[in-house]
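First the structure, in the form of structure tokens, and then the observations on it.
The values are calculated or read from the model by the stated rules, or taken from the named source; none is laboratory data. Note that the structure is predicted; figures quoted are calculated from it, not measured. Quick reminder, even Gly has a Cβ in these numbers, built from the backbone with ideal geometry, and neighbours come from all protein chains shown. These accessible areas exclude ligands, DNA and RNA; they are computed on the full protein's heavy atoms, side chains included. Shrake-Rupley method; radii C 1.70, N 1.55, O 1.52, S 1.80 Å.
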Amino acid sequence: MCGIIGYVGHRKVVPLLLDGLRRLEYRGYDSAGVTVIRDGELVTVRAEGKLDRLVERLAGEPVDGSHGLGHTRWATHGPPLERNAHPMVDARSRLALIHNGIIENFLPLKRRLIAEGWEFSSDTDTEVVANLVSSYLDEEGDLRGAVARATRELEGLFAFALVSISGEREIVAYRQGPPLVLGIGERETFLASDPAALLTYTKDVVFLENGDLARLTEDGLEIQDASGEAVERESHRLLWDPIQAEKGGYKHFMLKEIHEQPQAIQDTFGGRVDFETGEVGFDYFSLDPEEAGAIREVHLLACGTSLHAGLVGKFLIEELARLPVQVDYGSEYRYRDPIVNEGTLAIGVSQSGETADTLSAMEAAKERGARLLAVCNVLGSQATRIAEGVVYTHAGPEIGVASTKAFTTQLVALYLVALYLRQQRGLPIGPEIVADLAHLPGAVDEALQQEGAIEEMARKYHLEEDFLYLGRGINYPIALEGALKLKEISYIHAEGYPAGEMKHGPIALIDQQLPVVNIATGDKVFEKMLGNMQEVKARDGAVIAVTDRDPSELEEIADEVLRVPRLSDHLQPIVNVVPLQLLAYFVGVRRGADVDQPRNLAKSVTVE
Ligand code: F6R
């Protein structure tokens with residue numbers, strides 16, 4: 001939700017900022033802009049729409065400077081027009097500011113500044129900060145002092161960075177909520193809202209804490225904490241490969257990331273499972289048997305696709321660790337009064353570790369005494385900082401806005417958490433319980449071999465306007481996920497339903513215009529799923545089946561059969577979702593949708 005990049009050093013600034021913005025564009029693509037300092041002046045170029053518009057504009061009016069900032073916007077305050085694009089320059093043209101997040105009290109501040117004679121040219125909350133900081137520049141004497149004073153008056157969750165015409169070659173940045181990562185190079189420093197933007201230039205990074213104010217120069221970083229004390233923040237070495245953040249010959253990141261799943265899954269369980277004993281262990285999360293025995297229930301907190309992973313996690317933890325599990329939308333949990341105590345293990349599930357709703361729910365659980373674990377993909381993100389333990393999903397950078405490899409690695413991570421809780425609670429474990437994990441990457445690879453058939457299917461179904469997805473038990477969340485993928489990528493209305501519920505309402509929708517995707521794998525509910533498919537067929541709906549059976553078994557009922565390999569019931573959802581991801585992708589592509597950057601969405605939703 002808005003991408004931020006900044007650079008001070010010896011390289012050409014604008015190409016570096018544009019390269020960083022290209023990697024951050026998934027965070028928002030309503031407008032983009034850069035500001036550089038050239039001969040003591042602010043030079044700002046902004047354009048409405050996607051980054052390419054800015055690139056075109058810069059090609060027509062090339063600029064560069066000694067240091068600068070770049071921004072890609074996901075609109076919150078004010079429509080996606082050029083006047084609302086960042087960087088936002090203050091009314092006296094002394095500084096430029098880029099911002100991610102929301103200033104909740106911007107209106108009273110704006111009224112006050114207008115009364116003091118400050119002019120505004122945008123509808124944003126961002127411009128209020130630019131003018132507020134500028135209003136303190138003379139009294140405070142420098143940019144850092146002015147920012148420190150302004151931040152004392154701001155309410156909300158936000159991160160921003162500024163450059164000014166003071167003559168100092170510096171960037172000043174502040175974090176209160178959304179992440180800011182600082183990169184350290186040889187006589188150069190970087191700033192970004194996501195480490196993926198910095199990978200090509202440096203792997204040594206520092207994550208700002210909430211309340212931190214940083215000054216970046218080519219000589220390095222100076223950081224002050226919320227009390228104004230100078231602090232050193234721990235430096236981390238990024239393990240992600242810059243190539244992972246490229247399309248690598250694929251037409252879209254989404255397709256590339258779908259294909260990366262076998263490796264990402266392998267990386268997520270690799271080194272954590274002993275296949276001879278069935279034991280599981282993590283680097284950043286442990287509970288001794290006494291602590292594990294004290295857990296009475298688990299709360300899984302997440303949003304969107306990560307919530308669907310949580311719904312599968314409920315089955316896994318209940319069945320394997322024999323603990324009751326609740327799954328909650330982050331946005332709902334914090335606004336009710338959940339029953340939480342020291343016996344609660346709350347698990348926040350989040351690819352980005354930045355989702356405001358999930359973070360608030362995690363905080364709410366922690367405040368009420370829960371133990372807190374994060375299942376997360378991004379090193380150093382806020383979810384990993386507030387939790388006492390972290391199980392990283394090793395998916396690598398996920399750039400496509402629709403989550404694919406992040407989802408399947410979350411399922412693997414939750415499976416491992418379930419096994420770990422089982423083991424630490426003294427329930428029997430053994431090699432048989434983990435044996436199928438070793439086959440999982442190969443099984444996902446096999447499911448990917450259906451790509452050609454699914455592309456063909458998409459040709460047939462891409463003009464439909466509604467889809468229904470049905471699943472039972474542990475595959476019901478996969479029906480939800482299949483429907484979510486389709487609607488966000490192709491803008492087709494799609495609903496996921498527990499198959500048994502169809503007769504209680506949705507069956508009224510079925511006619512020739514409604515393709516129904518049925519997940520019919522395993523033995524437990526296969527016959528029941530067959531019954532549901534018959535009901536669809538009897539009402540002329542098109543039946544699409546995802547199955548691990550021989551297609552001949554479904555010949556009479558299904559119009560289309562997508563074959564997946566068979567695994568244990570607990571791991572089967574991970575292969576079942578693969579054809580659904582491909583179906584959504586190819587339908588979206590055929591409809592001409594922008595599958596990597598669907599309209600109205602952003603990858604990290606850092607506002608509530
Ligand atoms: C859907 C999707 C979103 C995210 C949700 C949570 O494809 O990507 O639904 O899953 O916004 O994001 P994280 O996992 O970063 O907390």
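Remarks
- Here the Debye sum runs over all C-alpha atoms of the range 56-159 as equal scatterers in vacuum, and log10 of I(q)/I(0) at q = 0.18, 0.20, 0.21 Å⁻¹ comes out as -0.90, -1.09, -1.18.
- Rounded to the nearest 10 degrees, the angle from helix 51-60 to the longest Cα principal axis of the chain is 40 degrees.
- When the pairs K460/K528; K50/K366; K256/K460 are compared against a 29 Å limit on Cα-Cα distance, K50/K366 fall above it.
- Here the chain is assigned +1 on the Cβ of each Lys and Arg and -1 on the Cβ of each Asp and Glu. Its dipole about the Cα centre then comes out at about 680 debye.
- Ligands, DNA and RNA left out, the 1.4 Å accessible surface of the chain is 46% carbon and sulfur atoms.
- Among the GluC sites (Glu not before Pro) in the range 475-579, those located in a DSSP loop and surrounded by at most 16 other Cβ atoms within 10 Å of their own Cβ are E555, E556.
- Extension gain (nm, one decimal) between K247 and D225, 0.36 nm per residue minus Cα-Cα: 4.1 nm
- Packing rank of 335-343, 166-174, where each peptide gets the mean count of other beta carbons within 10 Å, highest leading: 166-174, 335-343
- Virtual spin-label span in nm between E553 and E456, 7 Å along Cα→Cβ: 2.3 nm
- Theoretical FRET efficiency, 1/(1+(r/R0)^6), r = Cβ-Cβ of E332 and E501, R0 22 Å, to 0.05: 0.60
- When the GluC sites (Glu not before Pro) in the range 64-145 are filtered for DSSP coil states and for at most 10 other beta-carbon atoms within 10 Å of their beta-carbon, the remaining sites are E116.
- Stokes-Einstein translational diffusion, the chain - Kirkwood Rh over all Cα pairs, 0.692 mPa s, 37 °C, in µm²/s: 130 µm²/s
- Packing-based ranking of 129-135, 567-573 yields 129-135, 567-573, ordered from highest to lowest mean Cβ neighbour count within 10 Å.
- Over the chain, relative contact order from alpha-carbon pairs under 8 Å, at least 6 apart, %: 12 percent
- Each Lys or Arg adds one and each Asp or Glu takes one away; over the other residues whose Cβ falls under 13 Å from the Cβ of L137, this sums to -2.
- In this label model, F120 and E209 are separated by 3.4 nm, measuring between points 7 Å along each Cα→Cβ vector.
- Ratio of the Cα radius of gyration of the range 449-590 to 2.2 N^0.38 Å, where N counts its residues: 0.92
- In percent, rounded to a whole number, the relative contact order of the range 449-590 is 31, using alpha-carbon pairs under 8 Å and six or more apart.
- As a ratio to 2.2 N^0.38 Å, the alpha-carbon radius of gyration computed for the range 3-247 takes the value 0.92.
- Accessible area of the chain divided out per residue, in Å², using a probe of 1.4 angstrom: 37 Å²
- Rg over Rh [alpha-carbon atoms, Kirkwood Rh] for the range 302-441: 0.96
- Summarising the label geometry, the points placed 7 Å from Cα in the beta-carbon direction at E279 and H236 lie 2.8 nm from one another.
- Angle between the chain longest axis and helix 304-321 axis [Cα atoms, degrees, rounded to 10]: 50 degrees
- When peptides 518-524, 69-75, 286-292, 296-302 are sorted by average Cβ neighbour count within 10 Å, with the highest value leading, the order is 69-75, 296-302, 518-524, 286-292.
- Looking at the chain alone, DSSP beta bridges between its own residues are antiparallel in about 60 percent of cases.
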